[in-house]
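Trainee: After the structure tokens below, expect a handful of questions from me.
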Amino acid sequence: MDGVTGLDVHTLGMIGLAVGIAIALSFSLLSLVLRGMAALHVWAAAFWLLTFAGAAQGYDENGSFLSVIIGSVLIALANAAMLVGIAMHLGHPLRWRVPAAVVAVFLLIQVVFMAWPPSQPVESAVFGLKSILWDSWMVFLLLFRAPRELRAGSRFTAMVFVVDSLFYVARGLIALHPELDSPELASLLTTSNYLFGILATFLLSTGFTLMLSQRLVHDLRQAAEVDGLTGLLNRTALLKAANPVLLANRGHSHAVLLFDLDHFKAVNDRWGHAGGDAVLQHFARLLRDGGVPARALLSRYGGEEFMLLAPCTSPNVAVTLAESLRALVERSPALYAGEPIAFTTSVGVATGTGVHIQRLIDTADAALYQAKRTGRDRVEAMVSEGASEETSPLAEAAAGLAT
Ligand SMILES: Nc1nc2c(ncn2[C@@H]2O[C@H](COP(=O)(O)OP(=O)(O)OP(=O)(O)O)[C@@H](O)[C@H]2O)c(=O)[nH]1
């Protein structure tokens, strides 16, 4: 029995094994459901390796050559798998070669230590350093390579690795002071090793789960709000984003520019659907890079129709912007299968102060119709007049449109 916890090492080992199996099993089941997440498969494998390592070491407490080597190999592979999984998840894939080389070096050291046992402080320092190396590598990736949308989960996971490193530093420092050696301290260290191992594994699984959840939420939001072909906002997302912008700038003149590619059906007929898609992507890039104001919201409004909402924009500035974008499109053919596809766009511009977003869009649509009717590849502008924002909130109009 251990004096601190009242639990003996066998019981702690069994608890550790049960927790390890539960975590590894839940990650394996999750990876069956979330098939597209490659990192999840690697992490599931890492947790199984950790669990088997614990079982191998616990099975043979006296540390025979085979159990020590097997245990070390499994732990080293688990560390490598966690690292590679983290790198994959953060979008900075690592070659297995690099962590595999680190695993090989430490295994070699382990074999040397078994043949020529070093002093206790040297052994503790080397194995402490090994753990700190893996932990620091993972902390570096988690803190400095995580994209913004994955930062919270990555920081939590990094914190677990930092605490893990601190634990090894503390153990190393104790080992460097043989005067502290006593049966009570040895028993306390063994117990804390088990308890800390169980806690760290559990917290790591929580960190990885957080990172996976953040990735899922981000991907779902992207799918719901971003047009897959052009990467621009879709219509619903634009209307949702427009509300706060327009409400925050009541009393200013706002502009809506509605673009519709001319004779786009002919582009599809001549170049096929893939050629048409390439033109749509090229057009989106031209709009994005064509000098639209920083606060403007750009969206693919429908098939070959795009909308730009420019807050706080006067009629003159709106028409100048529309004309410069139209001219840019006219002189910038898309490239498809090595050949240029020339195309043009008509633009309807609506400006208004204190007007519903819906009314602005309707007016821009009328102006666009006019541009099409009068020859295409041109800009038509109209001033929008309508019910004030006070009588019928923008939110209402946008919500109605979004449905
Ligand atoms: N390649 C491709 N074509 C699309 C997509 N969405 C809509 N279209 C095509 O866009 C074309 C729109 O044709 P129309 O509405 O007749 O308009 P248009 O040929 O551009 O003629 P005008 O607008 O009057 O100048 C149709 O052929 C649609 O199939 C898309 O995502 N990819």
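The values are calculated or read from the model by the stated rules, or taken from the named source; none is laboratory data. Please read these numbers as outputs of a predicted model, since none were measured by experiment. When we count neighbours, we look across all protein chains shown, and the Cβ atoms used for this are built from the backbone with ideal geometry, even at glycine.
Trainee: Name the pairs whose Cβ atoms lie under 6 Å apart, with the first residue in the range 299-313 and assigned by TED's automatic domain parsing to the domain that holds Val355, the second within 11 Å of the ligand (Cβ to nearest atom) and among the hydrophobic types (A, V, I, L, M, F, W, C), and 6 or more positions between them or separate chains?
Mentor: Glu304/Leu261; Glu304/Phe264; Phe306/Phe259
Trainee: Gly276 fails exactly one of the following numbered conditions: (1) in contact with a Ser or Thr (Cβ under 7 Å, 6 or more places away or on another chain); (2) over 17 Å from His254 (Cα atoms); (3) of a type outside the set (Phe, Trp, Tyr). What is the number of that condition?
Mentor: Of the numbered conditions (1) in contact with a Ser or Thr (Cβ under 7 Å, 6 or more places away or on another chain); (2) over 17 Å from His254 (Cα atoms); (3) of a type outside the set (Phe, Trp, Tyr), the odd one out for Gly276 is (1).
Trainee: Considering Ala278, Ala294, Ala327, Ala266, which residue is within 15 Å of the ligand (Cβ to nearest atom), without any contact (Cβ under 8 Å) to a residue 60 or more places away in the chain and either assigned by TED's automatic domain parsing to the domain that holds Lys372 or touching a helix residue (DSSP H, G or I) at 6+ places or on another chain (Cβ under 6 Å) (or both)?
Mentor: Just one listed residue meets the conditions, Ala266.
Trainee: Here is a follow-up. Identify all residues within the range 112-152 that are aromatic (Phe, Trp, Tyr) and not in a helix (DSSP H, G or I); write none if there are none.
Mentor: The answer is Trp116, and nothing else.
Trainee: A further question on this structure: Within the range 77-98, restricting attention to residues that are at pLDDT below 90 and farther than 19 Å from Ala146 by Cβ, which residue is nearest to the chain's Cα centre (by Cα)?
Mentor: Arg95
Trainee: Considering only the range 218-258, state which residues are under 19 Å from the mean Cα position of the chain (by Cα), within 16 Å of the ligand (Cβ to nearest atom) and within 20 Å of Val292 (Cβ to Cβ).
Mentor: Val226, Asp227, Gly231, Leu232, Leu233
Trainee: Next question. Checking Ile86 against (1) of a type in the set (A, V, I, L, M); (2) surrounded by fewer than 19 Cβ atoms within 10 Å (Cβ to Cβ); (3) closer than 25 Å to Leu210 by Cβ, which test does it fail?
Mentor: Only one criterion is unmet by Ile86, namely (2).
Trainee: Being surrounded by fewer than 16 Cβ atoms within 10 Å (Cβ to Cβ) and closer than 23 Å to Phe264 by Cβ is the filter; apply it to the range 297-323 and report the residue that is nearest to the ligand (Cβ to nearest atom).
Mentor: In this case the residue turns out to be Gly303.
Trainee: Name every residue in the range 340-357 that is modelled with pLDDT of 95 or more, aliphatic (A, V, I, L, M) and either more than 14 Å from the ligand (Cβ to nearest atom) or not in a strand (DSSP E or B) (or both), in order of residue number.
Mentor: Those that are modelled with pLDDT of 95 or more, aliphatic (A, V, I, L, M) and either more than 14 Å from the ligand (Cβ to nearest atom) or not in a strand (DSSP E or B) (or both): Ala342, Val349, Ala350.
Trainee: Could you count how many residues in the range 209-234 are in a helix (DSSP H, G or I) and surrounded by fewer than 18 Cβ atoms within 10 Å (Cβ to Cβ)?
Mentor: Matching residues across the range 209-234 total 12.
Trainee: Given the structure, is Leu30 at pLDDT 85 or above, surrounded by 13 or more Cβ atoms within 10 Å (Cβ to Cβ) and within 20 Å of Val84 (Cα to Cα)?
Mentor: Numbers: at pLDDT 85 or above: yes; surrounded by 13 or more Cβ atoms within 10 Å (Cβ to Cβ): yes; within 20 Å of Val84 (Cα to Cα): yes.
So Leu30 fits the description; yes.
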